[in-house]
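The values are calculated or read from the model by the stated rules, or taken from the named source; none is laboratory data. Since we're looking at a predicted model, the values are computed, not measured. Glycine also receives a Cβ, built like all others from the backbone with ideal geometry; neighbour counts cover every protein chain displayed. Areas reflect the complete protein model, heavy atoms only, side chains present, ligands, DNA and RNA absent. Shrake-Rupley method; radii C 1.70, N 1.55, O 1.52, S 1.80 Å.
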Amino acid sequence: MRVIAGKARRLNLKTLPGLDTRPTTDRIKETLFNILQPEIPDCRFLDLFSGSGGIGIEALSRGAAYAVFVEKNPQACNCIKENLAFTKLAEGGKLLNMDALQALASLEDKGAFDIIFMDPPYHMGLERQVLEYLKNSSTADENTLIIVEADIHTDFDYVKSLGYRQLRSKEYKTNKHVFLQRA
């Protein structure tokens, strides 16, 4: 896995051994950031369930002003720290070693993020829990773009009832990105 574009272009990132963190492949990451590119410069970016930090680091490399990485696995947090240091992007990043909902609570009243990306473990309903929290949170507003990476079969029919509108969905072989905003 590597940084695709920007200040840290072509630098390889460390990942945890095994499949517990499922790093987003370079090809899918490139597609995602081709979609996001107009929104990235100077944005405030929140990377929930960060794994090795590849998505937030890509955002920083491409010009995000600030990125918060949320990961509860201590080994993954060490990996994020090493990747931020190696890419020389640590100054623009903040790492929270805690559960996603705890992290969101700790970020209340510190302003809304421009982009919130989450890639939770599949088939556990964590994306719904986060979306339920975000509907009344100050960490998101009607301009915040929320992107959920999920298994291709994950159903998002409930988002309208939570007060979101689905802007688009980009499907890949085994997973998808769903783009949401508060309605």
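As a rough guide to protection, the peptides 63-69, 120-126 ranked by mean Cβ packing within 10 Å, highest first, stand as 63-69, 120-126.
Proximity of backbone amide H atoms, modeled 1.01 Å from N, is registered between Leu145 and Ile115, Ile116 at under 5 Å, excluding neighbours fewer than 5 places apart on the same chain. Per residue, the chain exposes an accessible area of 49 Å² to a 1.4 Å probe, with every protein chain left in place. Placing a label point 7 Å from the Cα of Lys72 along the Cα-to-Cβ direction, the residues of region 92-107 whose backbone N falls under 19 Å from that point are 95-107. Shape index of the chain: Rg/Rh, with Rg the Cα radius of gyration and Rh the Kirkwood radius from the inverse mean 1/r over Cα pairs, equals 0.92.
Quote the FRET efficiency, to the nearest 0.05, computed for Asp42 versus Gln166 with a Förster distance R0 of 25 Å and r equal to the Cβ-Cβ distance. Calculated transfer efficiency: 0.45.
Stretched out straight at 0.36 nm per residue, the stretch from Ala183 to Asp151 would grow longer than its current Cα-Cα span by 9.1 nm.
Taking a straight line from the alpha carbon of Lys81, these aspartates and glutamates sit under 19 Å away, with near neighbours fewer than eight places off in the same chain left out: Asp20, Asp47, Glu58, Glu71, Glu91, Asp99, Asp119. Label positions at Asn97 and Lys173, each projected 7 Å from the Cα along the C-beta direction, are separated by 3.5 nm.
For Lys160, the lysines whose Cα falls under 20 Å of its own Cα, not counting residues fewer than eight places away in the same chain, are Lys135, Lys170, Lys176. Return the tail of the calculated pair distribution for region 29-136, meaning the percent of Cα-Cα pairs more than 17 Å apart. The answer is 51 percent, as a whole percent. Between the C-alpha center of region 47-78 and that of region 91-170 there is a gap of 14 Å. Take the Cβ atoms of Ile35 and Lys81, set R0 to 30 Å, and the FRET efficiency comes out at 0.60.
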